[in-house]
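A.B. asks: Sharing a structure, written as structure tokens. Questions coming.
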């Protein structure tokens with residue numbers, strides 16, 4: 001049974017009114033509202049407040065704007081403009097696959113999604129920390145700090161130089177200033193380290209605690225922060241990365257025997273999930289929309305869908321070519337002739353004039369309906385709500401920690417044999433041929449196979465440098481280094497003149 005952190009009443013809404021982020025009349029009396037003095041007395045009250053913070057963290061999954069920013073411009077994901085007019089969206093996606101995005105691109109608006117999560121965490125934290133019951137809810141306070149730090153991890157990754165806000169109220173006369181990426185890095189490390197001290201271990205709380213943040217989840221985010229430290233902070237932290245990976249491993253996580261089980265509808269509580277977003281559209285608890293946004297219209301007959309897919313998300317051919325034929329992970333990619341649910345009847349194109357055969361992308365600015373391979377990673381079933389499925393989405397799996405440790409070992413001059421063994425654990429699980437030796441580029445390729453569309457590729461390509469040197473036919477020139485950061489959206493600069501635009505924009 002799924003465990004949800006959902007709001008079943010208006011408690012969080014009242015809380016956010018009480019500890020709001022835009023109040024300017026500080027002497028105003030408040031009547032009949034929840035305050036830190038009369039709330040946070042029971043586990044239910046505390047969890048009701050935390051639920052809103054967790055729900056906001058859904059920005060990292062489901063194919064929404066921020067999820068797209070984590071993948072657009074990489075060698076595994078592209079959103080083409082269809083010849084029938086779909087997905088053109090004023091050219092905003094063309095800017096991304098050409099690496100020519102600007103501060104007015106409206107997909108950068110997910111900046112506000114990240115800071116909405118930070119703001120909700122600040123509101124809840126302020127209430128819990130000032131509550132008379134604060135001494136008894138240290139773990140829950142740590143939980144909110146950990147989620148806030150995770151949101152800042154994404155802000156640091158994508159935009160780098162952003163404000164650090166830890167108060168629930170922001171006065172218009174005292175707007176926050178931009179901090180350097182190194183300052184944000186130090187803040188994320190300090191917050192996660194402090195939170196880990198008070199968070200419960202996954203081994204202690206067990207599956208019933210899913211999907212809440214545990215000690216090991218904080219360690220895992222720290223491991224990824226240290227893995228990218230040379231980019232984020234200008235200094236390597238390989239030993240610290242390895243240490244965090246080992247602390248995660250102590251939590252009892254395993255590789256599930258079947259790779260595909262991590263992506264089925266009934267995947268909640270997977271022993272491979274370190275941090276995940278719990279989803280169930282039947283209970284208004286999020287919606288997994290990957291099938292709706294990825295599949296061709298005619299795939300409705302393959303998966304018995306009660307809706308017409310949008311023919312939007314595509315795999316770049318480079319990503320498909322990384323796999324061996326027998327690799328189970330490649331079986332999740334749809335390419336070539338397509339068939340109905342019986343596996344025999346050919347699907348037809350929209351005009352019913354030819355069989356549907358998915359081919360590599362030829363013209364991403366005016367793509368035919370059958371251009372682009374598709375990734376059907378989150379496995380469908382027959383339960384849908386307005387095109388949304390109930391598959392939970394992990395943002396960190398144990399397989400990523402194994403690959404992270406292997407990379408840190410190699411980069412720090414450690415045992416190649418140890419790194420090889422870690423990578424082969426991941427490969428063997430998916431029936432890929434074990435490697436006989438290993439290079440650092442083998443790890444980049446393996447991360448591409450194992451973690452496709454799981455929010456890591458842009459970050460990985462920047463760390464390895466390939467984000468700038470990769471030159472497919474639709475982006476034939478190298479990318480300038482300043483594009484390792486996205487621009488602060490023009491709307492944010494207009495709202496807060498204290499913000500500074502990232503260099504190059």
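A.B. asks: Do the conditions hold for residue 474, that is, is it touching a helix residue (DSSP H, G or I) at 6+ places or on another chain (Cβ under 7 Å) and in a loop (DSSP other than H, G, I, E, B)? Let's see the steps before the verdict.
C.D. replies: Numbers: touching a helix residue (DSSP H, G or I) at 6+ places or on another chain (Cβ under 7 Å): yes; in a loop (DSSP other than H, G, I, E, B): yes.
Spelling it out, residue 474 is indeed touching a helix residue (DSSP H, G or I) at 6+ places or on another chain (Cβ under 7 Å) and in a loop (DSSP other than H, G, I, E, B).
A.B. asks: Would you confirm, using the coordinates I've provided, whether residue 193 is surrounded by fewer than 15 Cβ atoms within 10 Å (Cβ to Cβ) and touching a strand residue (DSSP E or B) at 6+ places or on another chain (Cβ under 7 Å)?
C.D. replies: So residue 193 does not fit the description; no.
A.B. asks: Mind listing whichever residues of region 369-391 are assigned to a strand (DSSP E or B) and over 22 Å from residue 267 (Cα atoms)?
C.D. replies: 371, 373
A.B. asks: While we're on this one: What tally of residues in region 232-277 results from selecting those that are assigned to a helix (DSSP H, G or I) and under 30 Å from residue 291 (Cβ atoms)?
C.D. replies: Of the residues in region 232-277, 5 are assigned to a helix (DSSP H, G or I) and under 30 Å from residue 291 (Cβ atoms).
A.B. asks: For residues that are assigned to a strand (DSSP E or B) and either surrounded by fewer than 24 Cβ atoms within 10 Å (Cβ to Cβ) or out of contact with any helix residue (DSSP H, G or I) (no Cβ under 6 Å at 6 or more places or on another chain) (or both), tally how many sit in region 396-417.
C.D. replies: Narrowing region 396-417 to residues assigned to a strand (DSSP E or B): 396-397.
Imposing the further condition that a residue be either surrounded by fewer than 24 Cβ atoms within 10 Å (Cβ to Cβ) or out of contact with any helix residue (DSSP H, G or I) (no Cβ under 6 Å at 6 or more places or on another chain) (or both) reduces the set to 397.
Qualifying residue count for the region: 1.
A.B. asks: One residue is enough: does region 449-471 have a residue meeting the conditions under 16 Å from residue 97 (Cα atoms), surrounded by fewer than 21 Cβ atoms within 10 Å (Cβ to Cβ), over 23 Å from the mean Cα position of the chain (by Cα) and outside the structural domain of residue 62 (by TED's automatic domain parsing)?
C.D. replies: Within region 449-471, one or more residues are under 16 Å from residue 97 (Cα atoms), surrounded by fewer than 21 Cβ atoms within 10 Å (Cβ to Cβ), over 23 Å from the mean Cα position of the chain (by Cα) and outside the structural domain of residue 62 (by TED's automatic domain parsing).
A.B. asks: If you go through region 361-374 one residue at a time, do you hit one that is under 19 Å from residue 456 (Cα atoms) and modelled with pLDDT of 95 or more? It would help to see each step written out before you state the result.
C.D. replies: If we filter region 361-374 for residues that are under 19 Å from residue 456 (Cα atoms), which is where we start, we get 374.
Imposing the further condition that a residue be modelled with pLDDT of 95 or more reduces the set to 374.
Yes, the conditions are met somewhere in region 361-374.
A.B. asks: Is it the case that residue 62 is at pLDDT below 95, over 20 Å from residue 468 (Cβ atoms) and in contact with a helix residue (DSSP H, G or I) (Cβ under 6 Å, 6 or more places away or on another chain)?
C.D. replies: no
A.B. asks: Sticking with this structure for a sec: If you go through region 351-371 one residue at a time, do you hit one that is in the same structural domain as residue 256 (by TED's automatic domain parsing), over 24 Å from the mean Cα position of the chain (by Cα) and touching a residue at least 40 places away in the same chain (Cβ under 8 Å)?
C.D. replies: no
A.B. asks: Any idea which residue in region 430-448 is farthest from the chain's Cα centre (by Cα), counting only those that are farther than 24 Å from residue 229 by Cβ and surrounded by 19 or more Cβ atoms within 10 Å (Cβ to Cβ)?
C.D. replies: First, the residues of region 430-448 that are farther than 24 Å from residue 229 by Cβ: 430-437.
Next, only the ones that are surrounded by 19 or more Cβ atoms within 10 Å (Cβ to Cβ) stay: 430, 432.
On the way: 430: 23, 432: 26 Å.
Ranking the candidates gives 432 first.
A.B. asks: Looking at (1) surrounded by fewer than 20 Cβ atoms within 10 Å (Cβ to Cβ); (2) out of contact with any helix residue (DSSP H, G or I) (no Cβ under 6 Å at 6 or more places or on another chain); (3) under 19 Å from residue 95 (Cα atoms), can you tell me which one residue 503 breaks?
C.D. replies: (2)
A.B. asks: Inspect all residues belonging to region 240-250 and state whether any of them is closer than 29 Å to residue 51 by Cα, over 23 Å from the mean Cα position of the chain (by Cα), surrounded by fewer than 18 Cβ atoms within 10 Å (Cβ to Cβ) and not assigned by TED's automatic domain parsing to the domain that holds residue 128. Break it down stepwise before answering.
C.D. replies: Going through region 240-250, the residues closer than 29 Å to residue 51 by Cα turn out to be 244-245, 247-250.
Still in the running and over 23 Å from the mean Cα position of the chain (by Cα): 250.
Next cut, surrounded by fewer than 18 Cβ atoms within 10 Å (Cβ to Cβ) only: 250.
Right, trim to not assigned by TED's automatic domain parsing to the domain that holds residue 128 and you get 250.
Scanning region 240-250 turns up at least one residue that is closer than 29 Å to residue 51 by Cα, over 23 Å from the mean Cα position of the chain (by Cα), surrounded by fewer than 18 Cβ atoms within 10 Å (Cβ to Cβ) and not assigned by TED's automatic domain parsing to the domain that holds residue 128.
A.B. asks: Need the failing condition index for residue 175 against (1) in contact with a helix residue (DSSP H, G or I) (Cβ under 9 Å, 6 or more places away or on another chain); (2) surrounded by 15 or more Cβ atoms within 10 Å (Cβ to Cβ); (3) assigned by TED's automatic domain parsing to the domain that holds residue 137, just the number.
C.D. replies: (2)
A.B. asks: Output yes when any residue across region 385-407 is at positive phi and modelled with pLDDT under 95, and no when none is.
C.D. replies: Yes: one or more hits.
A.B. asks: Check region 78-90 and report whether any residue there is part of a loop (DSSP other than H, G, I, E, B), without any contact (Cβ under 8 Å) to a residue 12 or more places away in the chain and either over 23 Å from the mean Cα position of the chain (by Cα) or over 30 Å from residue 465 (Cα atoms) (or both).
C.D. replies: yes
A.B. asks: For the structure I just gave you, tell me whether residue 275 is closer than 30 Å to residue 381 by Cα and modelled with pLDDT of 95 or more.
C.D. replies: For residue 275, the condition - closer than 30 Å to residue 381 by Cα and modelled with pLDDT of 95 or more - is met.
A.B. asks: Right, here's the next one. Filter region 428-452 down to the residues that are free of Cβ contacts under 8 Å to residues at least 24 places away in the same chain and not in a loop (DSSP other than H, G, I, E, B), then identify the one that is nearest to residue 319 (Cα to Cα).
C.D. replies: 444
The values are calculated or read from the model by the stated rules, or taken from the named source; none is laboratory data. None of the values given here were measured: they were computed from a predicted structure. Glycine also receives a Cβ, built like all others from the backbone with ideal geometry; neighbour counts cover every protein chain displayed.
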